[in-house]
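Read through the structure below, which is laid out as structure tokens, and then see the notes.
Laboratory data are not the source of any read-out in this text; all were calculated from the coordinates shown. This one's a predicted model, so the numbers in the text were calculated from it and none came from an experiment. Ideal geometry is used to build each Cβ from the backbone, glycine not excepted, and the neighbour counts take in all protein chains shown.
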Amino acid sequence: MARKLKTYQTSLGFFDLAIAAPSMKAALEAWGADSNLFHQGAAKESDDPDVIAAAMAKPGVVLRRPVGSDGSFGEHAELPTDLGGGRSTKAARKSKGPNAKKPSSRPVDKAADRKAALAFEREQRRRQLEQAKEETARQKDRERRQQAVDKAQAALDKAEQEHAKRTAAIQAEMEAIEKKAQAEDANWDKEKERLEAALRRARG
């Protein structure tokens with residue numbers, strides 16, 4: 001059974017974020033938060049009727065507006081124009097008073113709540129499919145890169161083996177030439193000795 005949605009709000013980077021989700025956990029997942037922003041006091045359930053209306057109109061969709069502004073939330077938002085001085089956004093939010101959890105004045109409409117919950121589930125499935133497609137694309141990219149690495153490594157290994165063979169052949173040739181040179185030296189020593197003996201006899 002579809003769970004009733006609530007509107008949650010936080011600030012990440014340059015934007016305030018809002019989403020209609022069935023739980024804080026679902027909101028954190030949709031925001032891509034890697035820590036519990038609610039426990040840290042950086043996120044809350046919204047009681048702003050305008051924010052709730054915008055989020056409920058697009059359940060499960062992360063809505064944005066420039067951080068610290070009071071503008072309306074939308075799927076796309078411009079970067080904040082005033083990043084300079086003035087009070088911090090936390091201070092601005094605190095100045096709204098201690099009654100941060102006013103009950104929503106929205107009348108309970110079970111059919112609308114059910115419709116919003118189903119829309120959230122559709123958006124969640126769409127986001128999961130999109131993430132799965134992105135992961136598949138990343139996996140294919142990793143596989144392509146790995147194939148390229150394997151091909152380059154195989155070419156390097158083959159070249160190294162061929163180089164080792166050529167080096168070994170050259171070394172064998174050098175050893176054979178060295179043996180020939182040594183044999184030639186030995187033959188020359190004998191021939192020289194014989195000829196010098198003949199020369200001495202001729203002189204003597």
| task | Using amide H atoms built 1.01 Å from N in the peptide plane, name the residues 5+ places from ASP16, or on other chains, whose amide H lies under 5 Å from its own. | result | ARG65, VAL67, GLY68
| message | I need the peptides 66-75, 44-53 ranked by packing, meaning the mean over residues of other C-beta atoms within 10 angstrom, with the highest value on top. | response | 44-53, 66-75
| said: Can you list residues from other chains, or at least 5 along the same chain, whose modelled amide H is less than 5 Å from the amide H of GLY60? | reply: ALA20
